[in-house]
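No lab work stands behind these numbers, since they all come straight from the coordinates. Computed from a predicted structure; not experimentally measured. Heads up, the Cβs are rebuilt from the backbone with ideal geometry, glycines too, and the neighbour counts pull from every protein chain shown.
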Amino acid sequence: MKKVYLRESLYQEVLDTQKGTINNEMILDLINGKKYQLILAIKFLEEVADNEDSDSVSLVGKIISKDELILNNYELFDNEVLADDRLYKVQIGYIGILIS
């Protein structure tokens, strides 16, 4: 199962330039014939900290779904996430799972 990450601005650009369409079931249909199921996701960019043991839970670079965010009791505030008492800058986007 092939997965890709689409940052929110890229997702919007695809729609604005008519390189793809999306239906109410969150299926992105690209003009090249590929279809992706979209799942809201969070990409961890960096930890907002100045201590030596930064990113002790190793989230920088990871992408998780919103469901995983909730399961882990992480809190989302605009473009930041509080995870295990550490604050991270994040990018909101989508995980696209290739379906055809």
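For the chain, max minus min Cα coordinate along each principal axis, in Å, sorted largest first?
47, 24, 21
Between V90, A49, G33, whose Cα lies farthest towards the positive end of the dipole of the chain when Lys and Arg beta carbons carry +1 and Asp and Glu beta carbons carry -1, centred on the Cα centre?
My answer, from the dipole projection, is G33.
When Lys and Arg each count +1 and Asp and Glu each count -1, what net charge do the other residues less than 9 Å away from K89, Cβ to Cβ, add up to? Can you show the working numbers first?
Numbers: positive: none; negative: E46, E47, E80.
Here the count lands on -3.
Taking the alpha-carbon centroid of each part, what is the distance from the range 1-38 to the range 61-85 in angstrom?
23 Å
Placing unit charges on C-beta atoms (Lys and Arg positive, Asp and Glu negative, everything else neutral), compute the dipole magnitude of the range 3-98 about its Cα centre in debye, rounded to 20. Walk me through the numbers before you get to the answer.
On the way: 10 positive and 18 negative charges, 157 e Å.
Roughly 760 debye for the range 3-98.
So for the chain, averaging the separation of alpha carbon pairs under 8 Å that are six or more residues apart and normalising by length, what relative contact order in percent results?
Details: 174 pairs, mean separation 39.5, N = 100.
Relative contact order here is 40 percent.
So for the chain, taking the charge dipole from beta-carbon charges (+1 Lys/Arg, -1 Asp/Glu), which of V60, G20, V81 sits furthest toward the positive end?
Of the candidates, G20 comes out farthest on the positive side.
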